[in-house]
1. Mind telling me which of the residues B:Leu159, B:Leu149, B:Leu154 ends up being closer than 30 Å to B:Ala20 by Cβ and either hydroxyl-bearing (Ser, Thr, Tyr) or not in a helix (DSSP H, G or I) (or both)?
2. Take the conditions surrounded by 17 or more Cβ atoms within 10 Å (Cβ to Cβ) and either modelled with pLDDT under 95 or more than 23 Å from the chain's Cα centre (by Cα) (or both) and apply them to C:Leu171. Does it pass?
3. Return the total of residues in the stretch C:26-78 being touching a residue at least 60 places away in the same chain (Cβ under 8 Å) and of a type outside the set (Phe, Trp, Tyr).
4. Restricting to the stretch B:26-84, name every residue that is over 16 Å from the mean Cα position of the chain (by Cα) and β-branched (Val, Ile, Thr).
5. If you go through the stretch B:11-25, how many residues are crowded, with 17+ Cβ neighbours inside 10 Å and more than 13 Å from DNA strand E (Cβ to nearest atom)?
6. How many of the residues in the stretch D:144-166 are surrounded by 16 or more Cβ atoms within 10 Å (Cβ to Cβ) and more than 8 Å from chain C (Cβ to nearest Cβ)?
7. Looking at C:Asp57, C:Asp91, C:Asp36, which one is at pLDDT 95 or above, under 23 Å from C:Thr153 (Cα atoms) and among the charged types (D, E, K, R)?
8. Go through the stretch A:1-28 and count every residue that is in a helix (DSSP H, G or I) and farther than 26 Å from A:Trp105 by Cα.
4 protein chains.
Amino acid sequence: MPKVDDAHLAARRRQILDAAAACFAREGFHRTSVQDIVRESGVSAGLVYRYFSGKEDMIAAIVAEWQERRLARLGDDPIAGYLDVLRSVADPANRAEQRLGVQVWAESIRSERIRAQAREGVDAPRRLAEEAGLPDALARVLIAVWQGLVLQTLWDEDLDIESYLQVVEHLLRPVTQTPATDD
Amino acid sequence: MPKVDDAHLAARRRQILDAAAACFAREGFHRTSVQDIVRESGVSAGLVYRYFSGKEDMIAAIVAEWQERRLARLGDDPIAGYLDVLRSVADPANRAEQRLGVQVWAESIRSERIRAQAREGVDAPRRLAEEAGLPDALARVLIAVWQGLVLQTLWDEDLDIESYLQVVEHLLRPVTQTPATDD
Amino acid sequence: MPKVDDAHLAARRRQILDAAAACFAREGFHRTSVQDIVRESGVSAGLVYRYFSGKEDMIAAIVAEWQERRLARLGDDPIAGYLDVLRSVADPANRAEQRLGVQVWAESIRSERIRAQAREGVDAPRRLAEEAGLPDALARVLIAVWQGLVLQTLWDEDLDIESYLQVVEHLLRPVTQTPATDD
Amino acid sequence: MPKVDDAHLAARRRQILDAAAACFAREGFHRTSVQDIVRESGVSAGLVYRYFSGKEDMIAAIVAEWQERRLARLGDDPIAGYLDVLRSVADPANRAEQRLGVQVWAESIRSERIRAQAREGVDAPRRLAEEAGLPDALARVLIAVWQGLVLQTLWDEDLDIESYLQVVEHLLRPVTQTPATDD
DNA sequence: AATGAATGAGTTTTCATTCAT
DNA sequence: AATGAATGAAAACTCATTCAT
């Protein structure tokens, strides 16, 4: 095949990346072999290495996309966007994405590169919060509330997201509304 | 074949488990080879397999101990102890423990057995909270606040734990309901 | 499919062979991948296979050209030209040529075809020597003196070629038999 | 198997090294796969890597032994030892060793480590010659005469080693004997 | 009880070659 | 004529596990 257009190249890359993401979400980064990705994607082993320099490179690409998706979901209204993000965590359609997230966290422990990416996933919202005038520590707590929800959702399919959201909203009321509100 | 007393057996087991925990915290379960554990522990490969049926078995033992430690720390008074638990997360001396925790979370995705253990780490506190009359969703949020702190501490050594605790306390004030307490 | 004149075909072939020779001299036949040659030559992988049936074929072509060059250099007067040939070995400009030669020697061990070519590089001078009335074994020794010089020059850039030549001349004096010449 | 004695370890190493040397002499370093060595030696792939860090390491070990053998053969009397070395080159029993030598020369072109080893194979005799009062360039020429003989022997099984030796002795006569000897 | 040599299937990665365009 | 995307077999190397001693 001769030089193909960029759309084709992008589609190929997608094909591989989607297969990799599916495998990674299922089995984790290190239990997934390149052969698994080859099988899942339907392309040859050689081609995988034309698009990615190795498994590490694929992991990094997956992580980058995962972060982008999250930040995009946050949108411009930090508070409203935040509750949307929380709700999306509980959506069974996004289960694979959450599973991927946990793998990213584990990988961030041993890979400097991925730690930087994971950290940026916290720092970017923190900067948004700062612009919105929220205390940094509050931003951290809110992010933690999201991170813990990801874990708990994966462990308990019946987690009651609405109650969870209500508690969060309740706790946030003194913060989001005028501070004078007495209880 | 000399017969050895139980204390010796227990000590050997400890020696291996401690080495394994150190390796796992450093590199994760799957990037740690049995040889790594052999090196770190100083015992032979053969002996490792007299104490554990395989790597999976060692992971399970490590996870079980980690879980026990967590639940023990929770102690008798969950409300009073909670902020202390959070503070202990930020203690650099406990860093390996937190790193191990993240690995456990990742492993819970693919192992039913470990998922059950990880889940119990959430369910036990929830039961305690229920006994104390706290809403279940609030218990979940508090656990999330702990989980997220673990992650963020590992990513940012300079995380300001005191500010974090203050925000948590502040958010909880309307809930802990000693409304008169002025600071 | 545009038809192209022979000059174009020859130029293309040259382009590929020159790139291959450069790679082979640098890394040896087997450490050079076809992709290396593709990169060095600037043509596509597909085109390489229109000019050569495969890597082995390229090696054979390179060896053939190298052999031709060697025999050509020998020229018409082997005796007079010999010392010049030795001198040219030490010329840094010919370094790639010498490196290629060593690769050819190594390849001659496993390829009957290349062994025949390499052998002819010895036999042709031997025949010339015979015509000139030189003993066959002397011809062999002279060729050895050249072969060893190739190796030693590649290992030691500071090799003193003039001393080397003087020794050779000195040793040959009783043989070249113009005994009266009192230098 | 428990800790075995050093003789066993040394024998194992020999077993692997001999197999490797046989493969290398037959097919060259780069045409020999680790699997080939595994097959030839009869040990498992894993064991090969307990004794050698990789293929490069095995090549280096082979080269070192090859050099040692040659220097040992040279003995203490440079001139007499030298003619012995030449004679041994033509001995069919040593054919594999000569083939190996040519591979070493080729490898010396791309590997700094092996180049250093190959160079030492020239420098050590040169130092011996210096001690014996022989001019350095003469030592070089003599080494070249040996190197070329290795190549020519491999290309021509019928090479007449006695004539070759006679020519060498003849050429050396003015050097080895008292300079006054008139032919 | 303890060792560590040995295994071999599995891993990631490379590479000569083909062929649709 | 020329491209370069695609293949898949084979390469080097690793690793959990076993077992003779």
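1. B:Leu159
2. For C:Leu171, the condition - surrounded by 17 or more Cβ atoms within 10 Å (Cβ to Cβ) and either modelled with pLDDT under 95 or more than 23 Å from the chain's Cα centre (by Cα) (or both) - is met.
3. Count: 2.
4. Scanning the stretch B:26-84 gives B:Thr32, B:Val34, B:Ile37, B:Val38, B:Val43, B:Val48, B:Ile79.
5. Residues meeting the conditions: 7.
6. The qualifying residues number 4.
7. C:Asp91
8. 7
The values are calculated or read from the model by the stated rules, or taken from the named source; none is laboratory data. Keep in mind that this is a model prediction, so the values were computed, not measured. Counting neighbours? That spans all protein chains shown, and the Cβs are built from the backbone with ideal geometry, glycine included.
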